[in-house]
Amino acid sequence: MRNLFAFIYRFRAFLVFVLLEALSIYLIVQYNTYQGAAFFNSANRYVGRVLEFQSGVTDYFNLASVNATLANENALLRQELMQFRQKSLADSTSKLDTVMVVPADTTVVDSLRTGPQPFILHAGRVINNSVRRMNNYITLSIGTKDGVLPGMGVIASNGVVGRVKTVSDNYSTVTSLLHSQMLISAKIKKNNTMGTIKWQGGDFQTAILDYIPLHVKMAKGDTVVTSGFNTVFPEGILVGTISSISKEPDKSFYNVKVKLAVDFAQLSFVYVVENTQKAERDTLEQNAGILPNE
């Protein structure tokens, strides 16, 4: 306390000067219209800049929460899109005179919401990822508390990612498509020719489409999608596009390379696909002695 009084006494002249200056500025601003307007305009400009900077800092630290919210919203939209696609595929196999009746005050999406939902998407953030090993895995920030179970498929906004391997309460590991033992049932979209996607190592942007017979007509740039022949991935999820086609002697299948749609080096958010009808189908096929498709 003595030091404080000593400081004030030592700088008493300067402190009095500062107080008088502040009082003078206050009186000028308070009782002069032009000076008052100029002061408040300047003050508002600088305060606005400070608040803008503060808002930017706050928004930056809230990015994780914002991204999670957007990912959940995207999951719902993709879920509805998947339902619409499945409904369209089902309708395409029905008779030509069969019409889906939708009440006038609802949309197609509304009508799908009221029906069964074969696929549910769970958004999750990628917290660990590898692309340069022979067997690559991904770790997600969602687990059993979020509805994730082993065996579920994993997709990104632009294509297939892999399959859930192990799950804890809050985390899950995914066998990436970039894994030597990962097989995905796929087809060429334009002619529905079935094949199997397999990664053989090396370039993490290229995989092999096996078992395409020599009589099949295809070209570079053709789209490859999931076949829907298993309970892991819905039909029609993008895998990639054909990048090269070659034929080897004494072989009855083409050697087809596919440029993967997903950039595995840039994964941030993915969607775990829950098939609500998986248990029923697996039980039926198991009882019939049918081996599941990869």
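The values are calculated or read from the model by the stated rules, or taken from the named source; none is laboratory data. All values derive from a computational prediction rather than experimental measurement. So basically every Cβ, Gly included, is an ideal-geometry build from the backbone, and we count neighbours across all protein chains shown.
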Across (1) more than 28 Å from Asp282 (Cα to Cα); (2) without any contact (Cβ under 8 Å) to a residue 60 or more places away in the chain, Val224 clears everything bar (1)
Filter the range 265-294 for residues that are farther than 26 Å from Leu77 by Cβ, loosely packed, with under 11 Cβ neighbours inside 10 Å and not hydrophobic (A, V, I, L, M, F, W, C); the one that is modelled with the lowest pLDDT is Gly289
So, first residue among the aromatic types (Phe, Trp, Tyr) in the range 22-43, second residue at pLDDT 70 or above and surrounded by 10 or more Cβ atoms within 10 Å (Cβ to Cβ), Cβ within less than 9 Å, six or more apart or across chains; the pairs are Phe39/Ile25; Phe39/Ile28
Only one of Asp203, Asp210 is assigned by TED's automatic domain parsing to the domain that holds Ser130, surrounded by fewer than 15 Cβ atoms within 10 Å (Cβ to Cβ) and under 13 Å from Val258 (Cα atoms), namely Asp203
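Results for (1) in a strand (DSSP E or B); (2) basic (Lys, Arg); (3) over 22 Å from the mean Cα position of the chain (by Cα), shown as yes or no for each residue.
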{"residue": "Ile208", "(1), (2), (3)": "yes, no, yes"}
{"residue": "Lys220", "(1), (2), (3)": "no, yes, yes"}
{"residue": "Thr231", "(1), (2), (3)": "no, no, no"}
{"residue": "Lys251", "(1), (2), (3)": "no, yes, yes"}
{"residue": "Tyr271", "(1), (2), (3)": "yes, no, no"}
{"residue": "Glu274", "(1), (2), (3)": "yes, no, no"}
{"residue": "Glu285", "(1), (2), (3)": "no, no, yes"}
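Across the range 144-186, what is the number of residues that are more than 21 Å from Lys257 (Cβ to Cβ) and either out of contact with any Phe, Trp or Tyr (no Cβ under 6 Å at 6 or more places or on another chain) or not in a strand (DSSP E or B) (or both)? Even if it seems obvious, please write down each step before you answer.
If we filter the range 144-186 for residues that are more than 21 Å from Lys257 (Cβ to Cβ), which is where we start, we get 144-155, 157, 163-175.
With the extra rule that they be either out of contact with any Phe, Trp or Tyr (no Cβ under 6 Å at 6 or more places or on another chain) or not in a strand (DSSP E or B) (or both), the set shrinks to 144-152, 154, 157, 163-172, 174-175.
So the answer is 23.
Looking at Val216, is it part of a strand (DSSP E or B) and touching a strand residue (DSSP E or B) at 6+ places or on another chain (Cβ under 6 Å)?
no
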Flagged pairs (Cβ under 6 angstrom, 6 or more apart or on separate chains; first in the range 200-213, farther than 14 Å from Asn135 by Cβ; second among the small types (Gly, Ala, Ser) and surrounded by 15 or more Cβ atoms within 10 Å (Cβ to Cβ)) are Leu209/Gly195; Asp210/Gly195; Tyr211/Gly195; Ile212/Gly195
Among the residues of the range 246-255, is there at least one that is over 23 Å from Val126 (Cα atoms), touching a residue at least 24 places away in the same chain (Cβ under 8 Å) and surrounded by 16 or more Cβ atoms within 10 Å (Cβ to Cβ)?
yes
